[in-house]
1. Taking the Cα centroid of region 479-504 and of region 231-267, what is the distance between the two, rounded to the nearest whole Å?
2. In region 413-490, if every C-alpha pair distance is counted and binned at 5 Å from zero, what percent goes to each bin?
3. Hey, what does the equivalent ellipsoid look like for region 104-207, semi-axes from the Cα gyration tensor as sqrt of 5 times each eigenvalue, largest first, whole Å?
4. Between residue 514 and residue 23, what is the label-to-label distance in nm when each label sits 7 Å out along the Cα-to-Cβ direction?
5. For a quick check of understanding: with a 1.4 angstrom probe and all protein chains in place, what accessible area in square angstrom does residue 136 have, to the nearest ten?
6. According to the Cα gyration tensor, what semi-axes, each the square root of 5 times an eigenvalue, does the equivalent ellipsoid of region 42-89 have, listed from largest to smallest in whole Å?
7. Ratio of the chain's C-alpha Rg to 2.2 N^0.38 Å, to two decimals?
8. Is it possible to state the helix-based mean residue ellipticity at 222 nm for the chain, with each DSSP H run of 4+ residues giving -39500 (n - 2.57), the sum divided by total residues, to the nearest 500 deg cm²/dmol? What is it?
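The values are calculated or read from the model by the stated rules, or taken from the named source; none is laboratory data. All figures in this text were calculated on a predicted structure; none of them were measured in a lab. Neighbour counts run over all protein chains shown; Cβ positions are idealised from the backbone, glycine included. Ligands, DNA and RNA are stripped out before the accessible areas are found, and what is left, the full protein with its side chains, is counted by its heavy atoms. Shrake-Rupley method; radii C 1.70, N 1.55, O 1.52, S 1.80 Å.
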Amino acid sequence: MDQFTINLLFVGASFALYIGIAIWARAGSTSEFYAAGRGVHPVTNGMATAADWMSAASFISMAGLIAFTGYDNSSFLMGWTGGYVLLALLLAPYLRKFGKFTVSEFIGDRFYSQTARIVAVICLIVASTTYVIGQMTGVGVAFGRFLEVDNTTGLLIGACVVFAYAVFGGMKGVTYTQVAQYCVLIMAYTIPAIFISLQLTGTPIPALGLFGEHAASGEPLLAKLDAVVTELGFNEYTAHHADTFNMVLFTLSLMIGTAGLPHVIMRFFTVPRVADARWSAGWTLVFIALLYLTAPAVGAMARLNITEMMWPNGGIQGGAVTTQQIETEERYAWMSTWQKTGLLDWEDKNGDGAIQYYNDKNADLQAIASENGWKGNELTKFNRDILVLANPEIANLPGWVIGLVAAGGLAAALSTAAGLLLAISSAVSHDLIKGAINPSISEKGELMSARVAMGVAIAVATYLGLNPPGFAAQTVALAFGLAAASIFPALMMGIFSTKINNKGAVAGMLAGLVVTLVYIFLHKGWFFIPGTNSFSDADPLLGTVKSTSFGAIGAVVNFAVAYVVAGMTEETPDEIKELVESVRVPRGAGAAQDH
């Protein structure tokens, strides 16, 4: 059986499962559509939240960015994991206790303002739509490779699949679909990693293999990798080379952005009790850890494998891989397959029949290149988003493992896309249409408007996904920055401060959102249209602060504006102060007693 047929079987079987679950658990009421009837078990919800959380950015893109940068991109791991802890400890239980369907509804009621609710909807839609672009980018990459079509066709196919199971299932259908998707994606991520760790280090646990010995050389794996990449003029893999201030800002932006993501927060509205929200958060961390502890090993081992494939005879002195080897040898077949997607390419610039892969911007390598008659790096394109999906092929693993990874990559991208689209549709139908435009709308009409909003969001995200502002994880980082600057401060002040009134909250959200959005557009193009940017992340507007790191500064602007405006206007009403206290103080807690 050929690889294409195996891929179709694995992807087809997993999709049949997802769509079957969506039909079986189809939402029949607004409570089921928005919050799954508030009847989801904490373990089930923890697994669904982990799938919702571990998007295309985590599954497809993160290891690729770590692989080609090394230590400096570990900030993705630190920021996302630390942010989830913030969410679990500071927000989730209190929002569940408040008892509303959506984040915007909480903000509207807490700040006793319809305007605050509408502004929260705008912030949510902007952040979630940017996030969906990253997911659709991942969907296009995965479908493009495993259906052996170009990236654009893969993206359009993926959009149709998302529409089929997300629009009809609502939160109830998506919850149980995401449980299945988690099982698929975690097996798809860890099984190839175990195989590759055994190949390179003899250790079946990838996280331990990362710090173990490279079996072929007897050196520590990371020392071997450092030696290989520095010989080719790249930065040392395990060392810190990036700007420290920007790295700190980026990590902080990811952390607080994580805690402000509405599609993850919505999951905590689906459990029966406040205590269940805490247990859900704990279980989610366990399920996330299984992938996040494996990702650094996947990145490092894949980088070593790729480099040694490009220099199969022992490094620069032994000579690069030849075009004949790429065309005829089975272990290089993956390169031709990925070339069809337009995400991988090479060119024999100097006509010597070999493909030299090296850092042609490094002065030392330029001297060596001149000696050998090289004309520049000939691996002209290697999209970071393909690394995890190509990993089992690079390591020459069995066909069924490649098929499993195909299903896992799609599960990761589609599960998060569904959660984001639910957040967008809920904001439009429940908060905007029912909450502000037409309060008397029927339940049937509200459900229909939610599904229409979701369909429109899919269309917009698909269009923008054709020309994304970066790799999947980089695009997602922009969304985290927007959530950090707009939603997170409003939630924190809404729960932990009675001083912030409606005017302060509205001014803060608008200030944080606008300043961050403008900074991103200045670097990534207005509305992400290529060629309309005035700066780049290589040469930012403010010192070393990249567009992906600006969310933390936007959050500071939000907090500052909110406190200044609140201090200049009327106090928060007493009944709202009592409401905030009731949300924050455990039920049954009395005043302290003097013993």
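1. Region 479-504 and region 231-267 have Cα centres separated by 22 Å.
2. 3, 14, 18, 22, 19, 13, 8, 3, 0
3. 36, 20, 14
4. Each label point is offset 7 Å from its Cα along the Cβ direction, giving 5.0 nm.
5. About 0 Å², ignoring ligands and nucleic acids.
6. Largest first, region 42-89 gives 23, 14, 5 Å.
7. Normalised Cα radius of gyration, the chain: 0.99.
8. So the calculated ellipticity at 222 nm is -21500 deg cm²/dmol.
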